[in-house]
1. Give me the pairs: first residue in segment 29-41 and within 13 Å of ALA107 (Cβ to Cβ) and open to solvent by 30 Å² or more (accessible area, probe 1.4 Å), second residue assigned to a strand (DSSP E or B) and hydrophobic (A, V, I, L, M, F, W, C), beta-carbon distance under 8 Å, and six or more apart or on different chains, which are they?
2. Within segment 136-152, how many residues are within 19 Å of ALA180 (Cα to Cα) and assigned to a loop (DSSP other than H, G, I, E, B)?
3. Got a sec? Which of LYS138, LYS120, LYS130 is surrounded by fewer than 17 Cβ atoms within 10 Å (Cβ to Cβ) and touching a residue at least 12 places away in the same chain (Cβ under 8 Å)?
4. Can you report the number of residues in segment 1-28 which are over 23 Å from LEU66 (Cβ atoms), open to solvent by less than 80 Å² (accessible area, probe 1.4 Å) and at pLDDT below 80?
5. Are any residues in segment 165-188 open to solvent by 30 Å² or more (accessible area, probe 1.4 Å), farther than 15 Å from ILE60 by Cβ and modelled with pLDDT under 90, and if so, which ones?
6. Are there any pairs, at least 6 apart or on different chains, whose C-beta atoms fall under 6 Å, with the first in segment 83-106 and over 19 Å from SER71 (Cβ atoms) and the second small (Gly, Ala, Ser) and assigned to a strand (DSSP E or B), and if so, which?
7. Does VAL89 count as closer than 22 Å to LEU204 by Cβ, surrounded by 14 or more Cβ atoms within 10 Å (Cβ to Cβ), at pLDDT 95 or above and among the β-branched types (Val, Ile, Thr)?
8. When you go through (1) without any contact (Cβ under 8 Å) to a residue 12 or more places away in the chain; (2) over 20 Å from LEU79 (Cβ atoms) one by one for GLN152, which number turns out not to apply?
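The values are calculated or read from the model by the stated rules, or taken from the named source; none is laboratory data. Note that the structure is predicted; figures quoted are calculated from it, not measured. Neighbour counts run over all protein chains shown; Cβ positions are idealised from the backbone, glycine included. Surface areas here come from the heavy atoms of the whole protein model, side chains and all, with no ligands, DNA or RNA. Shrake-Rupley method; radii C 1.70, N 1.55, O 1.52, S 1.80 Å.
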Amino acid sequence: SIPKGFEEKQNWKRLIVILEQAPLQLTQTKRRTFELINCDDHQSVIKRLGKKYEDFRPDITHQCLLTLMDSPLNKAGKLQVFIRTNDRVLIEISPHMRIPRTYKRFAELFTHVLYKLKAKALGSQNILMKVIKNDFEKILPIGVRKIGTSSQAPLVDLQEYVDNLQEMDTNKPIVFVVGAVSTGNPGMEFEGLDDCVCISKYSLSAG
């Protein structure tokens, strides 16, 4: 579970991943319900907003979350995930969150979170996701290294890179910023980065 106290959070050794500029926006339907905008089902809405279809790929956020939350790192309690949307809404994800396997269920879940500002475990008061104040200065540990990712940055061997970071300071957490987008470089444009790297010579879903 996520430590609650300031001191505990400062000393909790983990990898922090920020999924930046995630295209998670709601639209109201004719039935007066809300839906997560995506490029397949809401083309008229996207045109009305004056945006491009590729700007609305919430499925990329879904893919990222499935990979992260299923990882051995998360199972070991060494991962913390935040999502910041393209509307600058910041969402904190509990390590115990089980991400729905289908996109339809994922979209329903995030529609609920964006509308109700939180999601609880079924039959429990445990909060699995919640919208929090968009202020990384108060959320991230003091002096933490923030690493952006981008296909335009220098290519590194990720294992070697992380090993070198740990040699520099074995006790501090590390932040990686990943653009949850199909176009653009939000992982490179995040405020206050210490470094920016490319982790694959191949094209990846997320930037």
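1. PHE34/LEU26; GLU35/LEU26
2. Summing the residues that are within 19 Å of ALA180 (Cα to Cα) and assigned to a loop (DSSP other than H, G, I, E, B) in segment 136-152 gives 3.
3. Answer to the selection: LYS130.
4. 5
5. Answer for segment 165-188, where residues must be open to solvent by 30 Å² or more (accessible area, probe 1.4 Å), farther than 15 Å from ILE60 by Cβ and modelled with pLDDT under 90: GLN166, GLU167, MET168, ASP169, THR170, ASN171, LYS172.
6. As it stands, the answer is THR85/ALA22, since those pairs meet every condition given.
7. In short, no.
8. (1)
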